[in-house]
Amino acid sequence: MAVVFEKPKSLTDAPFHYCPGCPHGIIHRLVAEVMDELGIEGKAIGVAPVGCAVMAYDYFACDMIEAPHGRAPAVATGIKRCRPENVVFTYQGDGDLASIGMAETVHSAARNENITVIFVNNAIYGMTGGQMAPTSLPGQVTQTSPYGRDVNHCGWPIRVSEMLSTLEGPEYIARVAVNNVKNVKNAKKAIKKAFENQINGKGFSLVEVVSACPTNWGMTPKAALEWIESDMLPYYPIGVYKDRSAGEEK
Amino acid sequence: MAERILMKGNEAIAEAAIRAGCRHYFGYPITPQTEIAAYMAKKMPKIGGVFLQAESEIASINMVYGAAAAGMRVMTSSSSPGVSLKAEGLSYIAGSDVPALVVNVQRGGPGLGGIQPSQSDYFQATKGGGHGDYRMIVLAPASVQEMASLTIKGFDLADKYCVTSMILADGTIGQMMEPITFEDTEPKVYDKPWALTGTEGKRKHNVVNSLYLKPDELEKKNFERYEKYAEIEKNEAMWEEYMMDDAEYCVVAFGIASRVAKNAVVAAREEGIKVGLIRPITLWPFPTAAFEAAQDKVKAFISVELNMGQMIEDIRLATGCKKPVSLCNRTGGMIPGPDEVLEAIRNAKKGAL
Amino acid sequence: MKTTQILIAGFGGQGILFSGKFLAYKGLTEELQVSWLPSYGPEMRGGTANCNVILSDTPVGSPIITEPDVLIAMNLPSLQKYVNTVVPGGQIYVDSSLIDAKVERDDVEVFYIPATQMAKDEGISTLANMIIIGHLLENHSELSFNGAAEVVDKLVPPKKAALKDLNMKALTLGKEYNK
């Protein structure tokens, strides 16, 4: 029988634990497809975060390590500095990367650490049950902002891609989304570039993936994807924010 | 014989680490241990190694975690407040069973404390620091020569048992110079089949991890780890005994305090007091055997510490409180003089008579 | 040799640690047991600095000197602070161009050397410390001037070769002083 669809070799057989409608599954798959296409599964070392993706180490078939909350870029730095020939990536959420791990994020970017960072921004702490994230939108209701995020009280959400792109260090910073087929396809292109950059020795490449959390947003999966379009993307516009080598290859 | 060279304690640690095959150092500046980083910054690029100044102690210990997981001999160094920040990483490293070497050149605390020598991180080093059931091998050098030899030993023990070895030094030994010699020996190499090297498509993926959501699995893991710790307790305790053969009183001190205590022991002997010294070299595992042997023959123990009395608890535990243990201490960066220790020995004698 | 504990104290910038290093290296070349312990921290930057050097032919116990055999005082606060800690029969070396006071003890041997002035006169104003060290080597029964040049060779980096001669000049000035 002809095989028309199969899971990427870079994923294990372990079934995902993610909630119904959660785009983590899509994003895992995109990363795995890219690894397959680049033929780097045997060289890749992944760093799992603390957050919903904590068990990413069970899902990716390459060597994996689970980092303390927010420290994935530091752990990845340690690995990459020891094994520059390997392909090292982190997979982090917004609480992990943009709150507790902001220092590690900024400094690994400033060092142009030759790693790939997949940053999943779904504007909420998913694993702990829906608390306000550094990227929760103004007015967004969460468990810890039950009356809506009051920016006068707890500040404004952080646009990570824009902020990092002001740094001299990083090679490539892009924001993508996974709310429709077109965006998913573009997300994969950006992820692939972020890995290719590392393979080509170009340096720190981060892809911010605007994602959804139907469970903690209190929405159906479909409504959540629509909310990305209507609410998330206006605050977090899709785009390439930094690409030092843009135009070089063309 | 190898040439005698004069070196600062901190530099001796750095040189010894390089000789032990360490090619990766991650750290963050803090007094009084910066010579270690400075030495590494100078040497590592010339020998194909990596020196990286991290953005924080937290980042540096996590770089160590990554490098250790990648199978490399790796180290970081800091001083007391910085080691508190490393505590999180130490717990993850323990929970993931990867080997690392961490140096704490202690200064006075708590808080920002001071920068003068201290031993007030004894509890932190031997009883935890980070969260969870875990142990670190804690080595307490008392000379510049030991700063070097225990660093090499620390790497070997870390690799052998897949644990963190901590060098628990203090500002005095870090800053002082003494003659030392380095033996020309090749670093020991340990097999690390668990290391993150990339699967190369030849094996199932390695996972370095400390998360066990099922409590029975985590319990089993902890039981296994404590079997390993029991092996370490059985095999690796180290201590020095000085004038203990006929001792009726026993001074207990480690690190710089033991140097002061030795002077006091000599002075007390001149007064006719039969006193000796037990110097724990490993603080964990605590050299319980030395105390089991001593507790029946001595009348009292005197714990000399640069803190408010931390090791004294382990002495009491090791001796089952069979004999009185008194404390002779200074803290906050102060060091007792030999006369203060001598007075404590005299007092112990008075109390025991 | 009899264990000799030397405490050198003065301002930061007077070469206190360097002169201690010189004595430590001298001990090293003579196959002695040696310890060198500096004060460290902010006090190095212009405050008071001191350095403990112990030379012995048996292993050194505590590297911290509480009762020095020799005190080198390069400023008044240091002399005042440590004068009474020197063991009876010990020696005190005083830079008399910076310290007017006299030592009011008769159980110690005191040497007054106008080292800072001498150094200035000879155009080696940063080497008052080594003038005193030269005087110490000449006047202490457990120490000797022999081999000083070898130690200077070892201590002064090749890039600063000119400093070797100047250090030897300072040491020799100290050696010859009051002869």
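The values are calculated or read from the model by the stated rules, or taken from the named source; none is laboratory data. Being a predicted model, the structure only gives us computed values, none of them experimental. Glycine gets a Cβ as well: all are built from the backbone with ideal geometry, and neighbour counts include every protein chain shown. Protein only, heavy atoms only, side chains kept; ligands, DNA and RNA dropped before computing areas. Shrake-Rupley method; radii C 1.70, N 1.55, O 1.52, S 1.80 Å.
The table below gives the values:
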{"read-out": "Solvent exposure of the stretch B:239-352 as accessible area per residue, Å², 1.4 Å probe", "value": "37 Å²"}
{"read-out": "Per residue accessible area in Å² of chain C, where ligands, DNA and RNA are left out and the probe is 1.4 Å", "value": "44 Å²"}
{"read-out": "Along chain A, longest interval not containing exposed GluC sites (Glu not before Pro), exposed being DSSP loop plus at most 10 other Cβ atoms within 10 Å", "value": "A:86-167"}
{"read-out": "For residues of B:258-264, the mean tally of beta carbons on other chains within 10 Å", "value": "4"}
{"read-out": "Dipole in debye (nearest 20) - the stretch A:72-184, about Cα centre, beta carbon charges: Lys, Arg +1; Asp, Glu -1", "value": "160 debye"}
{"read-out": "Residues with amide H under 5 Å from that of A:V178, placed H, sequence gap 5 or more", "value": "A:V210"}
{"read-out": "Rounded tilt (10° steps) of B:80-96 against the dominant C-alpha axis of chain B", "value": "60 degrees"}
{"read-out": "Residues listed by number, the stretch C:56-74, amide nitrogen under 19 Å from B:D339 label point at 7 Å toward C-beta", "value": "C:61-72"}
{"read-out": "Principal axis dimensions, the protein assembly as shown - Cα atoms, whole angstrom, descending", "value": "103, 67, 54"}
{"read-out": "Sum of -39500 (n - 2.57) over DSSP H runs of 4+, divided by residues of chain A (222 nm, nearest 500)", "value": "-9000 deg cm²/dmol"}
{"read-out": "Placed amide H near C:I72: partners under 5 Å, 5+ positions off or other chain", "value": "C:L7, C:I8, C:A9, C:Y93"}
{"read-out": "HN-Hα J in Hz across the stretch C:34-39 - Karplus 6.51, -1.76, 1.60, θ = phi - 60°, x for Gly and Pro", "value": "9, 9, 10, 10, x, 6"}
{"read-out": "Nonlocal amide H pairs with B:T164, under 5 Å, H built at 1.01 Å", "value": "B:A100, B:I137"}
{"read-out": "Given chain B, longest segment not containing exposed loop GluC sites (Glu not before Pro) (DSSP; at most 14 other Cβ within 10 Å)", "value": "B:4-182"}
{"read-out": "Charge context of B:G201, other residues only, Cβ under 11 angstrom, K/R +1, D/E -1", "value": "+3"}
{"read-out": "Radius 14 Å from Cβ of B:I345, net charge of other residues (Lys, Arg +1; Asp, Glu -1)", "value": "+1"}
{"read-out": "Beta bridge orientation in the stretch C:4-176: antiparallel %, DSSP, nearest 5", "value": "50 percent"}
{"read-out": "Interface size A-B, as summed buried accessible area [1.4 Å probe, Å², nearest 100]", "value": "2600 Å²"}
{"read-out": "Listed residue pairs exceeding 27 Å between alpha carbons, taken from A:K7/A:K185; A:K222/A:K242; B:K204/B:K228; B:K8/C:K2; B:K43/C:K120; B:K234/B:K350", "value": "A:K222/A:K242; B:K43/C:K120; B:K234/B:K350"}
{"read-out": "Chain A: DSSP helices with Cα axial extent of at least 20 Å and average Kyte-Doolittle hydropathy no lower than 1.6", "value": "none"}
{"read-out": "Theoretical gain in end-to-end length, B:W194 to B:A293 [0.36 nm per residue, Cα-Cα removed]", "value": "31.6 nm"}
{"read-out": "Summed side-chain charge close to C:T4 - residues other than C:T4 whose Cβ falls under 13 Å, Lys, Arg +1, Asp, Glu -1", "value": "-3"}
{"read-out": "Virtual spin-label span in nm between B:A38 and B:R4, 7 Å along Cα→Cβ", "value": "2.5 nm"}
{"read-out": "Share of carbon and sulfur in the accessible heavy-atom surface of the protein assembly as shown [1.4 Å probe, %]", "value": "54 percent"}
{"read-out": "Nearest 10 degrees, 0 to 90: helix B:34-43 Cα axis against chain B principal axis", "value": "40 degrees"}
{"read-out": "Accessible area buried between chains B and C, both sides summed, probe 1.4 Å, in Å² to nearest 100", "value": "1800 Å²"}
{"read-out": "When the stretch C:4-176 is reduced to its Cα atoms, the Kirkwood hydrodynamic radius in Å", "value": "15.9 Å"}
{"read-out": "Dipole-positive endmost among B:A142, B:C22, B:G89 within chain B (Cβ charges, Cα centre)", "value": "B:G89"}
{"read-out": "Spin-label pair C:K154/C:S125, simplified geometry with 7 Å Cα→Cβ offset, distance in nm", "value": "3.2 nm"}
{"read-out": "In nm, spacing of pseudo-spin labels at B:N347 and C:E176 (7 Å Cα→C-beta vector)", "value": "5.6 nm"}
{"read-out": "Residues of type lysines that B:K349 reaches as a straight line, Cα spacing below 25 Å, ignoring anything fewer than 8 places off in the same chain", "value": "B:K262, B:K274, B:K297, B:K299, B:K322, B:K323"}
{"read-out": "With Cα atoms, 0 to 90° folded angle of helix B:215-235 axis to chain B main axis", "value": "50 degrees"}
{"read-out": "Derived scalar couplings ³J(HN,Hα) [the stretch A:86-94; Karplus, 6.51 cos²θ - 1.76 cosθ + 1.60; whole Hz; x for Gly, Pro]", "value": "7, 9, 10, 9, 10, 9, 9, x, 6"}
{"read-out": "Computed [θ] at 222 nm, deg cm²/dmol, chain B (DSSP H ≥ 4; -39,500 (n - 2.57); rounded to nearest 500)", "value": "-13000 deg cm²/dmol"}
{"read-out": "Listed pairs A:K193/B:K214; A:K9/B:K160; C:K26/C:K102 exceeding 32 Å between Cα atoms", "value": "A:K193/B:K214; A:K9/B:K160"}
{"read-out": "Net charge dipole size for the protein assembly as shown [Lys, Arg +1 and Asp, Glu -1 on Cβ; Debye, nearest 20]", "value": "1400 debye"}
{"read-out": "HN-Hα J in Hz across the stretch A:207-219 - Karplus 6.51, -1.76, 1.60, θ = phi - 60°, x for Gly and Pro", "value": "10, 8, 9, 6, 10, 10, 9, x, 4, 8, 7, x, 10"}
